[in-house]
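First the structure, in the form of C-alpha cells, and then the observations on it.
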Amino acid sequence: MAWKTLDDMDLDGKVALVRVDINVPVEDGKVTDATRIERIIPTVMDILEKGGKPVLLAHFGRPKGQVVPEMSLKVTLPALEEAFGRGVIFADDCVGLPAKQAVAALSEGDILLLENTRFHAGEEKNDPAMAAALAALGDVYVNDAFSAAHRAHASTEGIAKLLPSCAGRNMEAELKALEGALSNPERPVVAVVGGAKVSTKLDLLGNLVTKVDYLVIGGGMANTFLAAQGINVGKSLCEHDLTGTARDIMDKAKTAGCEIVLPVDIVCAREFKAGAENETVPTDACPEDAMILDAGPESVAKIEDVFSKCKTLIWNGPLGAFEINPFDFATNAAAKKAADMTKAGTLTSVAGGGDTVAALNGAGAAEDFTYISTAGGAFLEWMEGKTLPGVAALEG
C-alpha cells in the first residue's frame, strides 16, 4: 500500500490535524446515531498515546460556504465527549485567530474540535489559501474520513499536499478491506448489487462484471434486466429506457466470464405497503396489475448456492423492498447466509452504502460481516474503479 499510517509518523509533541467524518444524524439537538463518531475513537486515542495533540477537522451538513448556526459542529460535543471519555475543547472557527489561539493553548491529553470547515467557501472549492490556512495550524495531517475521500476539498485533498500525511485507523481499515475485496481478492468473488435504479449504478455494474465471478442483481434494478430479456414486469419499478444498456452489461459480463444472477421467482403485490396481500410466482408470470417487490425463495436458494461457492463477497444495496415486511425476506435470508459463512471463516464479506447498512442491520447480520463501510458515495466510487482524491493525495 502506497500510503502511510499512524505507525509511520512521529507524533510526540506534534499537533495532528485529523480530518474526520462526524456528519451524524441529529434530532432535537442530540446525536441519534453515533456510529461515525465511534469509528474515529482508535485514531484519536492512538494520537494521544503517541504524545500528539489531536485537532479535529470536519464538515456538518451543507452550509454552502455560509455560517449557518444550526449546522455548527458544537452539537456533536456531548457525543464526542462520551465516546472519548474526556472533555473536548471547541473553537468557533476552523481557521484564523479563534483556531490559532485554541491550538496554541492545547496541553498534552487535550482534544480540540474546530468549527465546520464548510462554513468557508474555500473548503469545497479546494482553495489553496484555505488549505494553507488549515495546514498552518498543525505539524501532521491525518485523514480518517474515507467517506469524504471522493471529494477534492481543502480539508481532504489540498492540505495533504502541504503537511506530512497519513491515513488514520478508520481510513486504514476501510482501504485494507476494499483492496482485499476488489484489488486482490480471494476467488471466486461475488458482488450483490441491489436498489431501485440501474441508472444510478451503471458505472458500478460496468466495472464489476470485469472484476467478479458472479454478479447478483436485485431490487428494482433486477426488473430492468428482466425486461431486457423480454419478460413482462407488470407495474413494477422498471427503467424501460435502459433495457438496451442492461443487455450491453449482460454481453460484457459474458465476455468477461462473469455470471449474472437474476431472480427466478418473484414476490408480487398490488399495493406497496407492509403486510400487503402477495403471491410468489415464476419470474415470467408477474400479473399485469402487480408489482415485483422481492425475490422469491427459489431465487434466495440460488443466491445462497452462489455464496457457498465463493470466498469473497462485496454487497451494495438490498434485494427487495426491505423497508416493509414481508418484502424483506430475500435481503434478510441472503444476509444471514453471508453472515454465517463469514462467522465460520469461509467468506470475506465487505458491504457499504446507506441502504445496505440499514438492510444488514435490519437482518441482524451486520455485526458478523468482515467489514461494513459507513461511506456512501466514496464506497460506490471505489467500487466503480474511480480514483478518490482524498486517498490519492495520501499517496503523494
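The values are calculated or read from the model by the stated rules, or taken from the named source; none is laboratory data. Here the structure is a predicted model, which means the values were calculated and not measured. Cβ atoms come from the backbone with ideal geometry, glycine included; neighbour counts cover every protein chain shown. When the accessible area is computed, the model is the full protein with side chains, heavy atoms only, and any ligands, DNA or RNA have been set aside. Shrake-Rupley method; radii C 1.70, N 1.55, O 1.52, S 1.80 Å.
The table below gives the values:
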{"quantity": "Options A152, A83, A129: the member that is buried (at least 16 other Cβ atoms within 10 Å of the Cβ) and not in a loop (DSSP other than H, G, I, E, B)", "calculated": "A83"}
{"quantity": "Scan of segment 103-125 for residues that are surrounded by 20 or more Cβ atoms within 10 Å (Cβ to Cβ) and part of a loop (DSSP other than H, G, I, E, B), ordered by number", "calculated": "I111, E115, N116, H120"}
{"quantity": "Residue list for segment 29-51, filter: out of contact with any Asp or Glu (no Cβ under 7 Å at 6 or more places or on another chain) and small (G, A, S)", "calculated": "G29, A34"}
{"quantity": "Residue check, G230 at positive phi and open to solvent by less than 20 Å² (accessible area, probe 1.4 Å)", "calculated": "no"}
{"quantity": "Qualifying residues in segment 244-266 (those that are free of Cβ contacts under 8 Å to residues at least 40 places away in the same chain and open to solvent by 20 Å² or more (accessible area, probe 1.4 Å)) - the one nearest to M291 (Cα to Cα)", "calculated": "V264"}
{"quantity": "Pick from segment 267-291, criterion within 15 Å of N325 (Cα to Cα) and open to solvent by less than 20 Å² (accessible area, probe 1.4 Å), ranking: nearest to the chain's Cα centre (by Cα)", "calculated": "V267"}
{"quantity": "Residue match in segment 160-168 (condition: touching a residue at least 12 places away in the same chain (Cβ under 8 Å), within 30 Å of E239 (Cβ to Cβ) and part of a helix (DSSP H, G or I))", "calculated": "no"}
{"quantity": "Residue that is within 26 Å of P185 (Cβ to Cβ), of a type in the set (S, T, Y) and open to solvent by 50 Å² or more (accessible area, probe 1.4 Å), where the choices are S308, S299", "calculated": "S308"}
{"quantity": "Residue in segment 93-102 that is out of contact with any Leu (no Cβ under 6 Å at 6 or more places or on another chain), of a type outside the set (K, R), open to solvent by less than 10 Å² (accessible area, probe 1.4 Å) and outside any helix (DSSP H, G or I) present", "calculated": "no"}
{"quantity": "Evaluation of N207 against (1) open to solvent by 20 Å² or more (accessible area, probe 1.4 Å); (2) under 30 Å from K386 (Cβ atoms); (3) not in a helix (DSSP H, G or I) (one fails), failing number", "calculated": "(3)"}
{"quantity": "Residues that are surrounded by 18 or more Cβ atoms within 10 Å (Cβ to Cβ) and farther than 19 Å from A295 by Cβ, drawn from segment 191-204", "calculated": "L204"}
{"quantity": "Residue under evaluation E124, criteria (1) within 22 Å of the chain's Cα centre (by Cα); (2) closer than 30 Å to G220 by Cα, criterion not met", "calculated": "(2)"}
{"quantity": "Pick from segment 338-372, criterion farther than 20 Å from E179 by Cα and among the acidic types (D, E), ranking: modelled with the highest pLDDT", "calculated": "D340"}
{"quantity": "Cβ-Cβ under 7 Å pairs, at least 6 apart or on other chains, segment 285-298 side more than 18 Å from A330 (Cα to Cα), far side open to solvent by less than 10 Å² (accessible area, probe 1.4 Å)", "calculated": "P287/C268; A290/C268; A290/A269"}
{"quantity": "Qualifying residue in segment 352-362 (condition: assigned to a strand (DSSP E or B), within 18 Å of the chain's Cα centre (by Cα) and of a type in the set (G, A, S))", "calculated": "yes"}
{"quantity": "Segment 26-44, subset in a helix (DSSP H, G or I) and closer than 20 Å to L73 by Cα, residue most open to solvent (accessible area, probe 1.4 Å)", "calculated": "E38"}
{"quantity": "Yes/no for G138 being assigned to a loop (DSSP other than H, G, I, E, B), within 22 Å of C310 (Cβ to Cβ) and either open to solvent by less than 10 Å² (accessible area, probe 1.4 Å) or in contact (Cβ under 8 Å) with a residue 60 or more places away in the chain (or both)", "calculated": "no"}
{"quantity": "Test: residue in segment 317-337 that is modelled with pLDDT under 95, under 25 Å from N184 (Cβ atoms) and open to solvent by less than 10 Å² (accessible area, probe 1.4 Å)", "calculated": "yes"}
{"quantity": "Filter pass, I303 being touching a residue at least 24 places away in the same chain (Cβ under 8 Å), over 25 Å from the mean Cα position of the chain (by Cα) and not in a loop (DSSP other than H, G, I, E, B)", "calculated": "no"}
{"quantity": "Residues (of a type in the set (G, A, S) and over 16 Å from G244 (Cα atoms)) located in segment 206-234", "calculated": "G218, G219, G220, G234"}
{"quantity": "Selection within segment 178-197 - over 17 Å from F379 (Cα atoms) and in a loop (DSSP other than H, G, I, E, B)", "calculated": "E186, R187, P188, A196, K197"}
{"quantity": "Scope segment 342-361; condition open to solvent by 20 Å² or more (accessible area, probe 1.4 Å), within 17 Å of A330 (Cα to Cα) and not β-branched (V, I, T); matching residues", "calculated": "D355, A358, N361"}
